[in-house]
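A.B. asks: First the structure, then my questions, so here it is.
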Amino acid sequence: MSIEQNLLAIKATLPEQVTLVAVSKTKPISDLMEAYEAGQRIFGENKIQEMAEKWEAMPKDIQWHMIGHVQTNKVKFMAPFVSLIHGVDSLKLLHEINRQAQKNNRIIDCLLQVYIAEEESKFGLDEDELNGVIQFITQNSEVYKNIRIVGLMGMATFTDNQNQIKKEFTHLKSIFDNLKSTETDNLQLNTISMGMSGDYKLAIDCGSTMVRIGSSIFGGR
């Protein structure tokens with residue numbers, strides 16, 4: 001099947017309230033343009049340099065999502081254009097995003113990455129750290145007025161055990177629901193980014209509002 005056929009087949013299965021991020025990392029611009037011509041406007045990259053090069057070359061009505069781990073010293077390269085940063089896992093990183101957003105006269109939307117998996121390799125905040133970050137950001141909203149935390153992101157354990165994945169997704173949803181009552185100018189939670197090619201249907205059943213799908217659209221690496 002072509003990229004267009006894959007994309008339309010996936011979109012047909014998504015509920016109205018779920019946003020599709022086409023994960024285009026390592027894929028050539030020609031592939032992204034095929035998805036663009038088929039109507040896709042949100043692309044996810046995991047390397048800032050690659051994302052910046054694609055942003056330069058492609059139509060300007062695209063929303064670029066940074067879905068990989070972000071190094072603080074690279075934030076400045078995406079601050080002029082990035083739409084949403086998924087993997088925010090420290091106050092230090094938020095501070096830098098706010099600083100660079102200010103320089104570019106922008107407000108940058110961020111998701112806080114929560115560690116929900118039973119694997120050592122995943123990044124993210126535990127619940128205590130998450131609450132600490134949110135408390136700090138809301139108490140200092142005058143300082144952090146160039147960022148807006150719009151939700152949470154999580155990655156399930158890489159396993160075939162559907163019950164474990166479901167447990168982790170449900171856990172993230174419950175954390176999100178508990179936080180949702182807190183709203184300030186720079187904290188407006190409306191997004192849960194969870195679910196990838198292999199588990200996005202389960203993620204949606206568990207309450208995901210944003211799925212990150214790459215190989216099911218563009219084919220394997």
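The values are calculated or read from the model by the stated rules, or taken from the named source; none is laboratory data. Keep in mind the model is a prediction, meaning the values are calculated, not measured. Methodologically, a virtual Cβ is constructed for each residue, glycine included, from the backbone with ideal geometry; neighbour enumeration extends over all protein chains shown.
A.B. asks: Quick check on region 121-128. Is at least one of its residues assigned to a strand (DSSP E or B) and either without any contact (Cβ under 8 Å) to a residue 12 or more places away in the chain or surrounded by 14 or more Cβ atoms within 10 Å (Cβ to Cβ) (or both)?
C.D. replies: yes
A.B. asks: Let me ask another. Quick check on region 29-51. Is at least one of its residues among the acidic types (Asp, Glu), within 19 Å of SER193 (Cα to Cα) and in contact (Cβ under 8 Å) with a residue 12 or more places away in the chain?
C.D. replies: Checked region 29-51: at least one residue is among the acidic types (Asp, Glu), within 19 Å of SER193 (Cα to Cα) and in contact (Cβ under 8 Å) with a residue 12 or more places away in the chain.
A.B. asks: Something else about it: Scan region 29-49 residue by residue and report those that are in a helix (DSSP H, G or I) and among the charged types (D, E, K, R).
C.D. replies: Listed by number, the residues that qualify are ASP31, GLU34, GLU37.
A.B. asks: Sticking with this one: Cβ-Cβ distance below 8 Å, separation of 6 or more or different chains: which pairs start in region 72-90 with a residue that is more than 24 Å from ILE192 (Cβ to Cβ) and end on one that is outside any helix (DSSP H, G or I) and among the aliphatic types (A, V, I, L, M)?
C.D. replies: Partner pairs satisfying both residue conditions: ALA79/ILE108.
A.B. asks: Pull up region 1-25, narrow it to residues that are touching an Asp or Glu at 6+ places or on another chain (Cβ under 9 Å) and within 30 Å of ASN190 (Cβ to Cβ), then point me to the one that is surrounded by the fewest Cβ atoms within 10 Å (Cβ to Cβ). Walk me through it before giving the result.
C.D. replies: At the first step, the residues of region 1-25 found to be touching an Asp or Glu at 6+ places or on another chain (Cβ under 9 Å) are 2-4, 7, 23-25.
Subsequent filtering for residues that are within 30 Å of ASN190 (Cβ to Cβ) retains 3-4, 7, 23-25.
On the way: ILE3: 22, GLU4: 15, LEU7: 24, VAL23: 24, SER24: 28, LYS25: 17.
Per the criteria, the residue is GLU4.
A.B. asks: Of everything in region 50-81, what is over 22 Å from ASN146 (Cα atoms), assigned to a helix (DSSP H, G or I) and touching a helix residue (DSSP H, G or I) at 6+ places or on another chain (Cβ under 7 Å)? Give them in sequence order.
C.D. replies: Of everything in region 50-81, those that are over 22 Å from ASN146 (Cα atoms), assigned to a helix (DSSP H, G or I) and touching a helix residue (DSSP H, G or I) at 6+ places or on another chain (Cβ under 7 Å) turn out to be LYS54, ALA57.
A.B. asks: Determine, yes or no, whether ILE85 is at pLDDT 95 or above and surrounded by 21 or more Cβ atoms within 10 Å (Cβ to Cβ).
C.D. replies: Values: at pLDDT 95 or above: yes; surrounded by 21 or more Cβ atoms within 10 Å (Cβ to Cβ): yes.
Here the answer is yes, as ILE85 does meet what is asked.
A.B. asks: Right, here's the next one. Do we find a residue being of a type in the set (Gly, Ala, Ser), in a loop (DSSP other than H, G, I, E, B) and in contact with a Lys or Arg (Cβ under 9 Å, 6 or more places away or on another chain) anywhere in region 148-162?
C.D. replies: Step one: filter region 148-162 for residues of a type in the set (Gly, Ala, Ser), giving 151, 154, 156.
Imposing the further condition that a residue be in a loop (DSSP other than H, G, I, E, B) reduces the set to 156.
Subset that is in contact with a Lys or Arg (Cβ under 9 Å, 6 or more places away or on another chain): 156.
Yes, the conditions are met somewhere in region 148-162.
A.B. asks: Right, another one. Report whether or not THR184 is at pLDDT 95 or above and surrounded by fewer than 16 Cβ atoms within 10 Å (Cβ to Cβ).
C.D. replies: Numbers: at pLDDT 95 or above: no; surrounded by fewer than 16 Cβ atoms within 10 Å (Cβ to Cβ): yes.
Answer is no for this residue.
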